[in-house]
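The values are calculated or read from the model by the stated rules, or taken from the named source; none is laboratory data. A quick note: this is a predicted structure, and the numbers were derived from the prediction, not measured. Here the Cβ positions follow ideal geometry from the backbone for every residue, glycine too, while neighbour counts run over all protein chains shown.
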Amino acid sequence: MRLAAIAAIVLTAASAGTVIAADTAASGPMAHSPVSFIACPVYRDTNNGRKSGCWLATDMATGVRYDIGGGRTKPQIGRDVLVEGVLGEGANACGGEILLPVHVSVLQTTCSAVMLPAEGYPGRVFQVPKNGYLPPADVVRPLPPGPYTSRDWHIEFNFQSDFLAYQYSEVILDDAARYIRASRPRHVEVTGYADTSPYVISGRQLIEPRSLGEQRAKMVAEALLRLGVDPGLLHVNWHVDPAAINADDGMAEPSKRRVTIHIEI
Amino acid sequence: MAVCVPLATSLVGVALSETSARWWAPGADQILPGSLSYADETGVITILNLGAPTSTRGHPFFTPLGPNGRACVTCHQPSDGMSLSAATAQARWQATEGKDPLFAAIDGSNCPSLPQSDKDSHSLLLQHGLFRIARPWPPLEIDGKPVVAQFSIEVIRDPTGCNSDKVYGLPSPHPMISVFRRPRPVANLKYVTAVGYDFEPKNGLPLPIDAKTGRRMSGNILSDSRAGTLEGQASDAISSHLDVHGNSSAAEIKTILEFETHIFAAQSADFVGGLLNEGGALGGPVTLAAAKPGVLKSSQHPQWEEFDGWSKPGAANESTSLQQRTFRESVARGAALFRDRTFLVSDTAGINSMNFGNPTRDGCNFCHNMTRIGMDLAPGQVDLGTTNEPHADPQPDLPLFKLTCDPKYPPHPFLGPVVYTHDPGFALTTGKCADIGKITIQSMRGLAARPPYFSNGSARSLRDVIEYYNRRYQIGYTEQEMQDLTNLMSVL
């Protein structure tokens with residue numbers, strides 16, 4: 001079942017994309033429960049050093065304001081966001097229930113650009129992303145040693161996007177390319193997926209175009225080529241509506257918007 | 001043979017080259033020594049030539065290779081930090097009554113179709129230090145392949161007449177778009193070509209590889225990144241600025257690259273602050289030439305740490321005047337402000353269009369993040385707003401284009417599907433709406449020797465640069481902070 005169907009039952013919509021009320025407000029958020037909604041993000045300028053600002057969004061179905069700034073993609077004021085997250089734990093540094101992990105996709109639809117002052121909230125301290133950085137280009141790194149096995153890598157994308165997100169995608173691509181160069185597999189299969197089954201979140205129907213799987217696959221293939229993978233090994237495919245996978249952050253829906261790199265030794 | 005090594009005078013402790021050698025004329029027979037110093041607006045610019053001595057006789061950097069009498073050195077003068085200031089252009093007009101090859105019709109005038117003896121036909125070069133750059137339409141990629149333009153282009157205002165010209169403009173059999181840009185300095189090129197990291201975060205892909213050398217290309221050459229290598233840049237410049245038809249000689253290109261990759265330029269002294277490598281500071285070109293390029297600023301490698309010594313107790317001694325000490329402390333504060341003063345970076349394509357969010361709070365060195373040089377390791381294609389409306393300052397002398405994005409492509413992330421611009425910048429290389437108005441962040445070295453600033457010369461002074469940022473991002477600098485930042489930029 002779609003998360004959206006669990007998270008919000010839309011009672012009324014005065015116009016397309018406008019959610020008036022939902023029936024889940026009384027229960028309130030529970031730790032580790034999945035949440036997905038579309039909202040107009042609010043930036044709180046905590047003015048507490050670089051990248052210290054907070055991103056907040058209110059799920060209109062429940063009236064709960066969430067801290068959505070912990071993901072790899074930050075919102076843009078004046079643009080709606082699709083928020084998919086899990087209620088996490090931690091200090092309230094921004095003025096909202098913390099969603100962590102959280103995926104934020106910036107949508108094309110516009111909304112009011114709203115900024116708040118710090119109001120006593122300290123904001124976030126910038127942290128190195130979970131899967132880290134790549135070292136500088138001149139750092140000599142030996143290729144991974146054998147024995148080698150057939151294996152997969154998954155790269156997730158934001159909704160309706162083929163952008164390879166910084167401080168996330170490059171680490172996976174680098175790891176895959178180095179393993180491929182070391183293991184010399186029989187072939188490398190790059191498969192792009194788009195989530196083309198329509199579903200409703202916050203009263204709005206969401207669907208990805210079929211062509212997006214191809215675009216995503218070609219982006220990843222281009223990246224692998226630029227990282228020295230033998231073009232003769234690459235097989236590039238694209239499909240729609242994949243099954244969710246056990247993504248490393250436990251978020252099933254965003255994992256459908258992915259590219260899988262599979263190597264056969 | 002004239003040799004400019006004998007020194008006529010000295011200034012704040014730096015020996016200056018002879019005044020008569022200030023203009024390096026194409027085709028002259030001279031020796032470029034290991035070090036050359038010239039007075040500029042705020043102090044002394046010094047050029048280091050690590051390949052010295054270099055005889056200019058027959059050297060392709062100094063010799064006219066085509067029919068217009070131009071050489072590379074025409075627009076890359078040592079006294080101007082290997083670029084060319086508007087003031088130098090005016091001086092050449094006066095000295096030659098406009099007959100210097102600098103004013104060649106091809107790009108040293110507002111349009112080749114204008115009467116070339118008329119001073120007004122060269123107003124953009126004389127007043128703003130701008131050269132005409134003719135880009136093909138539809139655009140060509142970095143390797144010269146045609147790309148599908150995601151936008152159409154209309155000429156809204158054409159004060160030079162060149163974009164509407166039947167020979168040189170969009171209506172011509174070979175449609176061209178004329179934009180007007182400042183020449184980038186031919187110096188410190190190991191920084192310009194440095195690859196700090198394999199990936200380009202602005203598009204998520206690894207940096208492209210030069211098929212000839214197998215090396216990654218930095219993406220930081222030229223304001224629109226139309227050349228990926230120094231070789232490509234030299235070939236482009238020889239055919240366009242020097243008006244040479246046909247392929248350049250491989251030997252000439254090799255000699256040019258050998259020369260220019262050994263050139264370093266930086267301020268070495270300030271009229272008030274004195275020598276920039278005294279009192280605990282490490283300014284000047286020697287440190288710059290010796291340092292490792294492609295280093296990302298960090299707590300271990302703070303940006304402009306060269307001047308941190310001037311903030312420390314004991315930096316001054318009994319020979320340091322109050323005025324000198326005050327200036328040096330201001331420079332050190334400017335360096336700290338550059339690193340630590342944060343503000344909301346907003347609506348800036350190439351920055352906020354990544355996954356950082358819009359706005360995002362950060363400082364000057366968020367983008368100017370390569371140590372020693374202030375370029376962007378990313379690389380640096382950013383729409384700061386200097387060429388795109390509504391952020392651009394009024395520039396009635398420049399053309400204005402209306403770019404309308406095809407609905408099937410993503411629009412400009414912050415300006416929407418219709419963008420008015422004086423210079424589409426990087427979009428003339430990629431054809432992408434998202435790249436309209438992006439200009440590659442350039443070197444911050446030797447600034448005092450080569451006003452005006454920004455790619456379109458819209459900032460007449462370093463103070464104007466700071467004021468533009470202050471307006472654009474509503475930073476709220478105090479008067480003292482603006483002076484500190486101006487002083488910092490004047491000693492780079």
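Does segment A:150-167 contain at least one residue that is exposed (fewer than 13 other Cβ atoms within 10 Å of the Cβ), away from chain B (no Cβ under 12 Å) and either at pLDDT below 95 or more than 21 Å from A:Ala252 (Cβ to Cβ) (or both)? Steps first, please.
First, pick out the residues of segment A:150-167 that are exposed (fewer than 13 other Cβ atoms within 10 Å of the Cβ): A:150, A:152.
Remaining after also requiring away from chain B (no Cβ under 12 Å): A:150, A:152.
Right, trim to either at pLDDT below 95 or more than 21 Å from A:Ala252 (Cβ to Cβ) (or both) and you get A:150.
Within segment A:150-167, one or more residues are exposed (fewer than 13 other Cβ atoms within 10 Å of the Cβ), away from chain B (no Cβ under 12 Å) and either at pLDDT below 95 or more than 21 Å from A:Ala252 (Cβ to Cβ) (or both).
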> When segment B:1-30 is examined, which residues are found to be at pLDDT 70 or above, over 17 Å from B:Ser55 (Cβ atoms) and under 26 Å from the mean Cα position of the chain (by Cα)?
Replying inline: B:Val14, B:Leu16, B:Arg22, B:Trp23
> What number of residues within segment B:256-296 satisfy the criterion of being part of a loop (DSSP other than H, G, I, E, B) and surrounded by fewer than 23 Cβ atoms within 10 Å (Cβ to Cβ)?
Replying inline: 14
>> B:Tyr197 - would you say it is hydroxyl-bearing (Ser, Thr, Tyr), outside any loop (DSSP other than H, G, I, E, B) and either out of contact with any Cys (no Cβ under 6 Å at 6 or more places or on another chain) or at pLDDT 95 or above (or both)?
In response: no
> For B:Phe180, which of the numbered conditions (1) of a type outside the set (A, V, I, L, M); (2) in a strand (DSSP E or B); (3) within 14 Å of chain A (Cβ to nearest Cβ) fails to hold?
Replying inline: (3)
> What are the residues in segment B:76-87 that are closer than 18 Å to B:Thr56 by Cβ and part of a helix (DSSP H, G or I), if any?
Replying inline: B:Pro78, B:Ser79, B:Asp80
> Hey, among the residues in segment B:330-355 that are within 11 Å of chain A (Cβ to nearest Cβ), among the polar types (S, T, N, Q) and in contact (Cβ under 8 Å) with a residue 12 or more places away in the chain, which one's farthest from A:Asn48 (Cα to Cα)?
Replying inline: B:Ser353
> Restricting attention to segment A:53-73, and to residues there that are touching a residue at least 60 places away in the same chain (Cβ under 8 Å) and surrounded by fewer than 22 Cβ atoms within 10 Å (Cβ to Cβ), which single residue is nearest to the other protein chains (Cβ to nearest Cβ)?
Replying inline: A:Arg72
> Of all the residues that make up segment A:132-149, how many are within 9 Å of another protein chain (Cβ to nearest Cβ) and either out of contact with any strand residue (DSSP E or B) (no Cβ under 9 Å at 6 or more places or on another chain) or crowded, with 19+ Cβ neighbours inside 10 Å (or both)?
Replying inline: 3
>> Need the failing condition index for A:Tyr121 against (1) assigned by TED's automatic domain parsing to the domain that holds A:His239; (2) in a loop (DSSP other than H, G, I, E, B), just the number.
In response: (1)
>> Condition (residue is surrounded by fewer than 23 Cβ atoms within 10 Å (Cβ to Cβ), touching a residue at least 60 places away in the same chain (Cβ under 8 Å) and of a type in the set (Ser, Thr, Tyr)) applied to segment B:385-400: is it met by at least one residue?
In response: no
> Out of all the residues in segment A:47-82, which are farther than 19 Å from A:Pro129 by Cα and in a strand (DSSP E or B)?
Replying inline: A:Leu56, A:Ala57, A:Thr58, A:Asp59, A:Val64, A:Arg65, A:Tyr66, A:Gln76, A:Arg79, A:Asp80, A:Val81, A:Leu82
> What are the residues in segment A:113-131 that are within 12 Å of another protein chain (Cβ to nearest Cβ) and surrounded by 17 or more Cβ atoms within 10 Å (Cβ to Cβ), if any?
Replying inline: A:Ala113, A:Ala118, A:Gly123, A:Arg124
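Counting only residues that are of a type outside the set (D, E, K, R) and more than 9 Å from chain A (Cβ to nearest Cβ), which one in segment B:195-214 is farthest from A:Ala165 (Cα to Cα)? Reasoning before the result, please.
Let us first name the residues in segment B:195-214 that are of a type outside the set (D, E, K, R), namely B:195-197, B:199, B:201, B:203-209, B:211, B:213-214.
Within this subset, residues satisfying the condition of being more than 9 Å from chain A (Cβ to nearest Cβ) are B:211, B:213-214.
Working: B:Ala211: 26, B:Thr213: 29, B:Gly214: 26 Å.
It comes out as B:Thr213.
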>> Going through B:Ala378, B:Ala392, B:Ala427 one at a time, which residue ends up being touching a helix residue (DSSP H, G or I) at 6+ places or on another chain (Cβ under 6 Å) and not aromatic (Phe, Trp, Tyr)?
In response: B:Ala427
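Among residues belonging to segment B:356-369 that are out of contact with any strand residue (DSSP E or B) (no Cβ under 7 Å at 6 or more places or on another chain) and either of a type in the set (A, V, I, L, M, F, W, C) or crowded, with 24+ Cβ neighbours inside 10 Å (or both), point out the one that is farthest from the other protein chains (Cβ to nearest Cβ).
Initial filter on segment B:356-369 (out of contact with any strand residue (DSSP E or B) (no Cβ under 7 Å at 6 or more places or on another chain)): B:356, B:363-365, B:368.
Subset that is either of a type in the set (A, V, I, L, M, F, W, C) or crowded, with 24+ Cβ neighbours inside 10 Å (or both): B:356, B:364.
Numbers: B:Phe356: 6, B:Cys364: 11 Å.
Per the criteria, the residue is B:Cys364.
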>> Taking the conditions exactly as written (among the β-branched types (Val, Ile, Thr) and within 14 Å of chain A (Cβ to nearest Cβ)), does B:Thr326 satisfy them or not?
In response: no
